[in-house]
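For reference, the structure discussed in these notes is given below.
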Amino acid sequence: MKIGIISDTHGKMHTGVIDAFADVSAIFHAGDIGNEDIITTLETIAPVYAVFGNVDGFPIAGKYPEVR
């Protein structure tokens, strides 16, 4: 099983992420998501398990836990 780990996207998806994660079974986002579009995009690749970071306000901080 391969997993993808990402953090600090701050609402912007680096162009190489989709290719780099093409064969992963799960993606872990370790905070500072920025906006939910990032999670939506990652979910097209694999299931996403995310936590919110210090720059994430509502609704992200209300939807994702602080620790996982």
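The values are calculated or read from the model by the stated rules, or taken from the named source; none is laboratory data. Remember, it's a predicted structure, so these values are computed and weren't measured experimentally. Methodologically, a virtual Cβ is constructed for each residue, glycine included, from the backbone with ideal geometry; neighbour enumeration extends over all protein chains shown. With ligands, DNA and RNA removed, areas are computed over all heavy atoms of the protein, side chains included. Shrake-Rupley method; radii C 1.70, N 1.55, O 1.52, S 1.80 Å.
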Review point. What number of residues within the stretch 33-67 satisfy the criterion of being in a helix (DSSP H, G or I), in contact with a helix residue (DSSP H, G or I) (Cβ under 9 Å, 6 or more places away or on another chain) and either loosely packed, with under 13 Cβ neighbours inside 10 Å or among the hydroxyl-bearing types (Ser, Thr, Tyr) (or both)?
Key: 1
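Going by what's in this entry, would Gly62 be described as small (Gly, Ala, Ser), out of contact with any Cys (no Cβ under 7 Å at 6 or more places or on another chain), within 11 Å of His10 (Cα to Cα) and without any contact (Cβ under 8 Å) to a residue 60 or more places away in the chain? Can you show your working first?
Details: small (Gly, Ala, Ser): yes; out of contact with any Cys (no Cβ under 7 Å at 6 or more places or on another chain): yes; within 11 Å of His10 (Cα to Cα): no; without any contact (Cβ under 8 Å) to a residue 60 or more places away in the chain: yes.
In short, no.
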Exercise for review: Could you list all residues from the stretch 1-32 that are open to solvent by less than 70 Å² (accessible area, probe 1.4 Å) and assigned to a loop (DSSP other than H, G, I, E, B)?
Suggested key: Ser7, Thr9, Gly11, Met13, Gly16, Phe21, Val24, Ser25, Ala30, Gly31, Asp32
Check your understanding: Of all the residues that make up the stretch 1-32, how many are of a type in the set (Phe, Trp, Tyr) and either farther than 23 Å from Glu66 by Cβ or touching a helix residue (DSSP H, G or I) at 6+ places or on another chain (Cβ under 8 Å) (or both)?
Key -> 1
